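Beneath this line is the structure, given in structure tokens, with notes to follow.
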Amino acid sequence: MTTTPETRTGVEPDQSASSRGPLVIRTEGLTKKYGSVTAVDAVDLDVRAGDIYGFLGANGSGKTTTVRCLLGLVLATSGRIEVLGSPMPKAAADVLPRVGALVEGPAAYGHLSGRKNLVIHDASGRAPSGPHGGGRRDRSRRADDVLEMVGLGAVGRRPVRAYSLGMRQRLGLAAALLRQPELLVLDEPTNGLDPQGIREIRELLLRLHATGTTVFLSSHLLAEVEQLCTRIGLLDRGHLVLQEALETLRTPTGLTLVVTPDADSAVSLLGSAVEHHDGERLLVRADDPIRLNAHLVTEGIRVRELGPERRTLEDVIEERTRARAADEVPT
Amino acid sequence: MRNVELVKLFGRRRTWVSLLLLNLLPTIVAGLLAWTGLAPRPGSGPAFLSAVVADGSLFAIAALAIVLPLFLPIAIAVVAGESVAGEAQAGTLRYLLIRPVGRTRLLVRKLGAVTAFVLAAVLSVAAIGFLVGRLLLGKGTLAGGMISLSGSVLTPGDIAWRTAVAIAFVTISMLGVAALAIFLSTLTDSPQSASLGAMAFLIGSSLLLTVDAARPLQPYLPTRYWLSFVDLYRDPVLWSNIERGVALQAVYVVVFLLAAWANFTTRDVTS
């Protein structure tokens with residue numbers, strides 16, 4: 001499969017497109033062993049054009065190793081990797097100029113300014129022709145542009161040594177954006193940022209996504225992923241245990257959530273229709289929430305809140321990782 | 001900007017400080033010689049020091065002989081050991097590789113930058129030695145030539161080409177050190193370990209040269225022929241050790257660079 005130029009402009013950044021878009025990242029049976037330790041075990045990723053893909057997992061679950069494999073830094077023990085339609089790491093020279101990445105924290109030369117770091121970074125690789133080209137002539141302009149985008153316009157000329165962690169993080173992001181990549185691979189991009197900075201970066205990512213950039217975001221922050229992502233993949237001790245559109249995961253469960261201060265009377269009224277009772281919160285099996293509500297109110301039960309139950313991402317993740325732990329054969 | 005690595009290396013204050021320090025020791029020696037007029041007796045002390053009091057121009061070659069056993073290899077081992085491991089330690093190696101810069105290309109650029117540093121170090125020691133010698137020790141009798149180690153008189157033309165060959169020979173010897181340190185630099189993520197490893201290898205080699213029991217090994221030790229450039233100042237030139245020295249260093253350079261390439265292009269970058 002090849003990615004044609006129109007995929008970049010033709011992608012609608014909405015839910016329906018993300019399930020049909022061309023594959024931007026695909027792995028088949030990706031496995032990486034360090035000695036006897038299997039860090040990544042038979043992972044089949046598929047990330048489509050237009051996704052904001054949230055790659056979740058606890059610390060040490062193999063997220064970073066997977067990201068490094070995708071970028072050709074770590075060589076997989078077995079399995080196939082395709083990024084932007086070409087095999088990695090074989091086609092790295094063609095693929096990587098179209099990818100911007102932030103891997104395990106930013107890095108820069110401390111004695112140089114942020115701007116000089118960007119210029120040197122850009123000058124160290126070849127400038128391919130085409131839309132991702134841009135040679136030495138507009139290098140300074142591009143450096144200034146991306147510094148402005150990540151909010152470092154005012155401090156770009158200070159040496160990086162004097163930057164705070166959050167500023168370094170922004171500079172790393174600026175370097176990833178320098179060549180207007182089609183795919184952004186970001187490992188914990190909001191690390192070290194204050195709430196204001198996190199919001200700014202989130203808005204920046206949404207803006208880039210709206211112009212057709214696919215984002216692969218690895219994180220352990222559920223809230224961040226829940227607010228930003230369209231699809232998620234969940235890695236648990238090297239296994240991909242879940243890969244689904246966020247919307248699908250959060251579809252109503254069919255139960256109705258009732259919050260009432262008169263929980264005990266409600267339970268005795270509804271009887272076996274109550275699936276779960278926890279303080280003021282009841283989960284009720286009901287065909288029609290409107291009739292349920294009328295029934296409760298006419299019986300004098302005060303209802304504070306009533307609606308379909310939706311699972312949070314946290315519930316789903318807990319359920320999936322617990323399921324796998326139960327599968328495991330004790331050794 | 002053809003080689004970003006050159007810009008990075010020479011844009012760094014540390015590089016210039018090491019070049020400065022490298023030139024400090026010969027300058028101090030020249031100052032002391034000028035002040036006291038006490039030259040070592042011929043045949044003792046660093047090579048050529050006995051001759052420079054008579055002719056300051058010869059201090060170029062004497063300065064090289066002063067820094068060659070220790071200072072020059074240390075400076076080069078530090079810079080070459082830093083080459084890949086320094087980027088790994090700073091975390092910039094991963095960003096260079098995903099820019100992308102091919103691993104072979106990166107290694108070639110690093111080699112280019114280190115070679116430039118070796119040249120800068122050797123040439124600056126020779127040039128500053130020459131200047132300092134002329135200023136502090138006087139112009140002597142350069143016009144009348146110098147007495148060779150064999151006792152005959154060398155013309156200024158003879159001295160000029162012999163000195164040029166000596167500089168080239170020292171440079172080649174130092175490239176062996178550089179190749180070793182670059183190889184170690186691809187093995188570890190710590191620049192200090194790479195530099196110290198290279199130094200340990202050279203010190204071990206120098207030590208084995210003083211042990212009679214190690215005689216069968218000695219022709220293959222990297223430091224064996226380092227000081228053989230002195231043979232250029234015999235009349236006629238005694239080429240045998242110089243040729244062996246060049247051949248030996250060439251083998252070390254090729255072997256270590258191939259090892260560095262084989263290791264770096266197949267390893268996981270986890271820094």
> If you place +1 on the Cβ of every Lys and Arg, -1 on the Cβ of every Asp and Glu, and leave all else neutral, what size is the dipole of chain B about its Cα centre, to the nearest 20 Debye?
Replying inline: 660
>> I need to check one value: relative contact order of chain B, counting alpha carbon pairs closer than 8 Å and at least 6 residues apart, in percent.
In response: 24
>> Report the gain in length on full extension from A:GLU247 to A:THR38: 0.36 nm times residue separation, minus Cα-Cα distance, nm rounded to one decimal.
In response: 72.1 nm
> Which lysines does B:LYS8 reach when only Cα atoms under 16 Å apart count, and residues fewer than 8 places away in its own chain are ignored?
Replying inline: A:LYS116, B:LYS110
> At q = 0.05 Å⁻¹, what log₁₀ I(q)/I(0) does a Debye calculation on the Cα points of the protein assembly as shown give, no solvent, two decimals?
Replying inline: -0.36
>> Positive end of the dipole of the range B:4-266, charges at C-beta (+1 Lys, Arg; -1 Asp, Glu), about the Cα centre: which of B:ILE242, B:VAL101, B:ALA30 has its Cα farthest in that direction?
In response: B:VAL101
> How large is ³J(HN,Hα) for each residue in the range B:153-159, as worked out from phi by the Karplus curve 6.51 cos²θ - 1.76 cosθ + 1.60 (θ = phi - 60°), to whole Hz, x for Gly and Pro?
Replying inline: 9, 9, 6, x, x, 4, 5
>> Test of understanding: in a Gaussian network model of chain A with alpha carbons linked when under 10 Å, which of A:ALA263, A:ALA176, A:ALA123 would top the mean-square fluctuation ranking?
In response: A:ALA263
> What is the extension gain from A:ALA154 to A:HIS220, computed as 0.36 nm multiplied by their sequence separation minus the C-alpha to C-alpha distance, in nm to one decimal?
Replying inline: 20.7 nm
> So, with +1 on the Cβ of K and R and -1 on the Cβ of D and E, and no other charges, what is the size of the charge dipole of the range B:43-141 about its Cα centre, to the nearest 20 debye?
Replying inline: 460
> Pick from B:PRO100, B:PRO156, B:PRO222: which residue has the top mean-square fluctuation in a GNM of chain B where Cα pairs under 10 Å get a spring?
Replying inline: B:PRO100
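Please report the relative contact order for the range A:98-206, taking Cα pairs under 8 Å with a sequence separation of at least 6, and give it as a percent rounded to a whole number. Provide the component values of the computation, followed by the final result.
Numbers: 151 pairs, mean separation 48.5, N = 109.
Relative contact order here is 44 percent.
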> Given a Förster radius of 25 Å and the C-beta distance between A:ARG137 and B:LEU6 as r, what FRET efficiency does 1/(1 + (r/R0)^6) yield to the nearest 0.05?
Replying inline: 0.75
> Among B:LEU202, B:LEU22, B:LEU135, which one moves the most in a GNM of chain B with springs linking Cα atoms closer than 10 Å?
Replying inline: B:LEU135
>> 5 Å is the cut-off here: which amide hydrogens, built 1.01 Å from N in the peptide plane, fall below it relative to A:GLY57, excluding neighbours closer than 5 in sequence?
In response: A:SER219, A:LEU235
> To the nearest µm²/s, what D does Stokes-Einstein give for chain B at 25 °C and 0.890 mPa s, using the Kirkwood radius over alpha carbon pairs as Rh?
Replying inline: 125
> Is there a simple number for the mean count of other chain Cβ atoms within 10 Å of the Cβ of residues in B:96-107, and what is it?
Replying inline: 6
> Among the DSSP beta bridges whose two residues both lie in the protein assembly as shown, what percent are antiparallel, rounded to the nearest 5?
Replying inline: 65
> Hey, rough spin-label estimate for A:ALA273 and A:ASN59, points 7 angstrom out along Cα→Cβ, what's it come to in nanometres?
Replying inline: 4.8
> Between A:ARG80 and A:HIS295, what FRET efficiency comes out of the Förster formula 1/(1 + (r/R0)^6) with R0 = 51 Å and r the beta carbon distance, rounded to 0.05?
Replying inline: 0.35
> Taking Cα pairs under 8 Å and at least six residues apart, what relative contact order does chain A come out at, in percent?
Replying inline: 19
> Which FRET efficiency, nearest 0.05, do B:LEU70 and A:ASP145 yield, Cβ-Cβ r, R0 45 Å?
Replying inline: 0.35
> If the chain between B:LEU123 and B:GLN218 were fully stretched, how many nm would it gain, using 0.36 nm times the residue separation less the Cα-Cα distance?
Replying inline: 31.3 nm
>> For the range B:148-169 and the range B:6-61, what is the centre-to-centre distance using only Cα atoms, to the nearest Å?
In response: 18
> Distance from the Cα centre of the range A:75-111 to that of the range B:66-103, in angstrom?
Replying inline: 23
>> I'd like the distance between the alpha-carbon centres of the range B:197-263 and the range A:260-331, rounded to an integer number of Å.
In response: 81
> By a straight-distance test (C-alpha under 29 Å), which lysines pair with A:LYS63 as possible cross-link partners, with residues fewer than eight away in the same chain excluded?
Replying inline: A:LYS32, A:LYS33, A:LYS90
>> With +1 on the Cβ of every Lys and Arg and -1 on the Cβ of every Asp and Glu, and nothing else charged, how large is the dipole of the protein assembly as shown about its Cα centre, in debye rounded to the nearest 20?
In response: 3000
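Laboratory data are not the source of any read-out in this text; all were calculated from the coordinates shown. Bear in mind that the values here come from a model prediction, so they are computed numbers and not experimental data. Note that each Cβ is placed from the backbone with ideal geometry, even for glycine, and that neighbours are counted across all protein chains shown.
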